[in-house]
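Visitor: Starting off with a structure, shown below.
The values are calculated or read from the model by the stated rules, or taken from the named source; none is laboratory data. Remember, predicted model here, so these are calculated numbers, not experimental data. Every residue, glycine as well, gets a Cβ built from its backbone with ideal geometry; the counts of neighbours run over all protein chains shown.
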Amino acid sequence: MEILIKAGQLLLALSILVTLHELGHYWAARLFKIRVEKFYLFFDFLFPLPTVMKFSIFKKKIKDTEWGIGWFPMGGYVQIAGMMDESMDKETLAQEPKSDEFRSKPAWQRLIVMLGGVLVNFFLGIFIYCMIMWIWGEKYLPNSSLKHGLYADTLAQSIGLRNGDMILKADNDTLVNYLDIVPTIGINQSKTLLVKRGDSSFTLTIPAGFHTKLTASQGDDFIDFRREFIILDINGGAASAAAKAGMQKGDHVIAINGQEAKYYDQVRNFLNAHKNQSAQFTVRRKDGSQTILKVDIPESGKLGVALDIMDQFDLKIRNYSFFGAIPAGTSKAFATLGNYIKGLNLLVKGLFGKSEVKASDSVGGFISIGNLFPSIWNWELFWNMTAVLSLILAVMNLLPIPALDGGHVIFNLWEIITRRKPSDKVLEYAQYVGMILLLALMVYVNANDIYKYVIVKWFH
């Protein structure tokens, strides 16, 4: 069910973004009286082969444009008359240009048409963030509100962090918000951390190779906020291990087999290491009394409980009026865009050995993108991810790769500057090269996903 929920959110988000992106091209084309022959959500052929398996789930001709939904659920396109695009319609381009075709218009108009989709995605990302700020506000978790400090996972311990530590700075960046710690360290490739341990502070130098591991783990093996193991509810009814052992709502696990284990990470690690075994759990009840319970740990290593964590940190929410949400949402969008561009820069540098970021750890296909969505349907999180993807789509489409909007933009800028239009043959071959590059990239990122999320899990 979780997979279906994630897949459903991904499909809905991409459908919204692709439709609006293509509408950006459509509106710009119609503005300059350019004929649009087809508008499709998804492809009505086996992408990138325009003549293979051509059929539509739905289509309807309205005036000069055929509107439809294709069978191949990836992306979408507008077929603009007189333009070399996904359809690879060379026969039409061999004829004399007509007045309502893309190729007959001035270069500056063609440039605006090609930028239409990117601009829609850019402003859509800003708009969504503004609406999120207005409706739900901006959530942040002050570092100072973490009563028990941080939980240091294996990667954090490998560089010298310990449970209960607080990370105050990454290089010269003060980390007021706990949620900024991992992104700041990863994006800025921080070299030092100012750490508070107990009543003292010290500077910890991050060793070489750390950022490679951080990127590969996507932050999962690094840190979390530490919380006590206090039971909010018993899940699974009488069949759960917790219910069978006699655990109750409000119980606080404080020891296992006589050893202190009052934090979630301590209990979790013990359960994972002692599956199919029995253990003596010491719990403190709501009234302050203590009792020892025999717990039979199942094969899953799960007790079947939900934890009460809300009083263990102080989650803050900044609320905005409608007009106050506009600058706040815009600022959030530009910060997200800036971080993504920094990440791309690190990826490019990594290809030349100038950073620790590896392509295999940093890029992902549909599985990776789907995993960014929560396993429950939450509209706030859905729209937040949709805003991020909208900005990513804007940047990706601006890359100077033939077949992408950015490739067409380069050709139009070349024509505007030199006053020389590339030949149809050049555009045709460029389109072929771009399609091959995109197909190769698509195969690579999705094969990388299959390796990381399927093959590796099978053998581990």
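Visitor: Which condition does LYS349 not pass, out of (1) within 24 Å of PHE47 (Cβ to Cβ); (2) at pLDDT below 85, if it passes all the others?
Guide: All conditions are met except number (1).
Visitor: For the stretch 288-305, give me each residue that is loosely packed, with under 15 Cβ neighbours inside 10 Å and at pLDDT 90 or above. Write out each step before concluding.
Guide: Start the filter on the stretch 288-305 by keeping residues that are loosely packed, with under 15 Cβ neighbours inside 10 Å, which leaves 288-292, 294, 296, 299-300.
Within the stretch 288-305, GLY288, SER289, GLN290, THR291, ILE292, LYS294, ASP296, GLU299 meet the criteria.
Visitor: Criterion first (crowded, with 17+ Cβ neighbours inside 10 Å, touching a residue at least 24 places away in the same chain (Cβ under 8 Å) and closer than 30 Å to MET133 by Cβ) does GLN266 satisfy it? Before you say what the answer is, go through the steps one by one.
Guide: Numbers: crowded, with 17+ Cβ neighbours inside 10 Å: yes; touching a residue at least 24 places away in the same chain (Cβ under 8 Å): yes; closer than 30 Å to MET133 by Cβ: no.
No; evaluated as a whole, the condition is false for this residue.
Visitor: Applying the selection to the stretch 139-164, what residues are more than 26 Å from GLY338 (Cα to Cα), assigned to a strand (DSSP E or B) and touching a helix residue (DSSP H, G or I) at 6+ places or on another chain (Cβ under 8 Å)?
Guide: Once the filter is applied, which keeps residues that are more than 26 Å from GLY338 (Cα to Cα), assigned to a strand (DSSP E or B) and touching a helix residue (DSSP H, G or I) at 6+ places or on another chain (Cβ under 8 Å), the stretch 139-164 yields LEU150, TYR151.
Visitor: May I pose another question? Looking only at the stretch 209-217, decide whether some residue is surrounded by 16 or more Cβ atoms within 10 Å (Cβ to Cβ) and in contact with a strand residue (DSSP E or B) (Cβ under 8 Å, 6 or more places away or on another chain).
Guide: So far as the stretch 209-217 goes, no, none of its residues is surrounded by 16 or more Cβ atoms within 10 Å (Cβ to Cβ) and in contact with a strand residue (DSSP E or B) (Cβ under 8 Å, 6 or more places away or on another chain).
Visitor: Out of the stretch 162-177, which residues are on the phi < 0 side of the Ramachandran plot and touching a residue at least 60 places away in the same chain (Cβ under 8 Å)?
Guide: ASN163
Visitor: Could you please give the count of residues in the stretch 261-319 that are hydrophobic (A, V, I, L, M, F, W, C), farther than 22 Å from ALA239 by Cβ and part of a helix (DSSP H, G or I)? Even if it seems obvious, please write down each step before you answer.
Guide: Step one: filter the stretch 261-319 for residues hydrophobic (A, V, I, L, M, F, W, C), giving 261, 267, 270-271, 273, 279, 281, 283, 292-293, 295, 297, 303, 305-307, 309-310, 313, 315, 317.
Filter once more, keeping what is farther than 22 Å from ALA239 by Cβ: 261, 273, 292, 309-310, 313, 315, 317.
Keeping just the survivors that are part of a helix (DSSP H, G or I) gives 273, 310.
Total satisfying the criteria: 2.
Visitor: Now for a separate question. Is there any pair with a first residue in the stretch 144-161 that is aromatic (Phe, Trp, Tyr) and a second that is not in a helix (DSSP H, G or I) whose Cβ atoms are under 8 Å apart and which are 6 or more apart or on different chains, and what are they?
Guide: Pairs that qualify, where the first residue is aromatic (Phe, Trp, Tyr) and the partner is not in a helix (DSSP H, G or I), are TYR151/ASN163; TYR151/ILE223; TYR151/ASP224; TYR151/PHE225; TYR151/ARG226; TYR151/TYR263.
Visitor: With VAL118, VAL78 as the choices, which residue is closer than 21 Å to PRO402 by Cα, assigned to a helix (DSSP H, G or I) and either touching a strand residue (DSSP E or B) at 6+ places or on another chain (Cβ under 8 Å) or modelled with pLDDT of 90 or more (or both)? Step through it out loud before you land on a result.
Guide: Numbers: VAL78 fails: assigned to a helix (DSSP H, G or I).
Answer to the selection: VAL118.
Visitor: Continuing with this model, one more query. Among all residue pairs at least 6 apart or on different chains, which show Cβ distances below 9 Å where the first residue, located in the stretch 408-422, is among the acidic types (Asp, Glu) and the second is surrounded by 14 or more Cβ atoms within 10 Å (Cβ to Cβ)?
Guide: Close Cβ pairs (under 9 Å, with a partner that is surrounded by 14 or more Cβ atoms within 10 Å (Cβ to Cβ)) amount to GLU415/ALA107; GLU415/ARG110; GLU415/LEU111; GLU415/LYS421; GLU415/PRO422.
Visitor: Of (1) surrounded by 18 or more Cβ atoms within 10 Å (Cβ to Cβ); (2) closer than 21 Å to PHE58 by Cβ, SER15 satisfies all except one. Which?
Guide: Among (1) surrounded by 18 or more Cβ atoms within 10 Å (Cβ to Cβ); (2) closer than 21 Å to PHE58 by Cβ, the lone unmet condition for SER15 is (1).
Visitor: Any idea which residue in the stretch 165-195 is farthest from LEU346 (Cα to Cα), counting only those that are touching an Asp or Glu at 6+ places or on another chain (Cβ under 7 Å) and outside any loop (DSSP other than H, G, I, E, B)?
Guide: Among those residues, the one meeting the criterion is VAL195.
Visitor: If you go through the stretch 2-9 one residue at a time, do you hit one that is among the acidic types (Asp, Glu) and farther than 13 Å from TYR77 by Cα? Write out each step before concluding.
Guide: Restricting attention to the stretch 2-9, the residues satisfying the condition of being among the acidic types (Asp, Glu) are 2.
Those still in the list that are farther than 13 Å from TYR77 by Cα too: 2.
For the stretch 2-9, residues among the acidic types (Asp, Glu) and farther than 13 Å from TYR77 by Cα: present.
Visitor: Which of the residues that make up the stretch 48-66 are surrounded by 16 or more Cβ atoms within 10 Å (Cβ to Cβ) and closer than 17 Å to HIS25 by Cβ? Can you show your working first?
Guide: Start the filter on the stretch 48-66 by keeping residues that are surrounded by 16 or more Cβ atoms within 10 Å (Cβ to Cβ), which leaves 48, 50, 56, 65-66.
Of everything in the stretch 48-66, those that are surrounded by 16 or more Cβ atoms within 10 Å (Cβ to Cβ) and closer than 17 Å to HIS25 by Cβ turn out to be THR65, GLU66.
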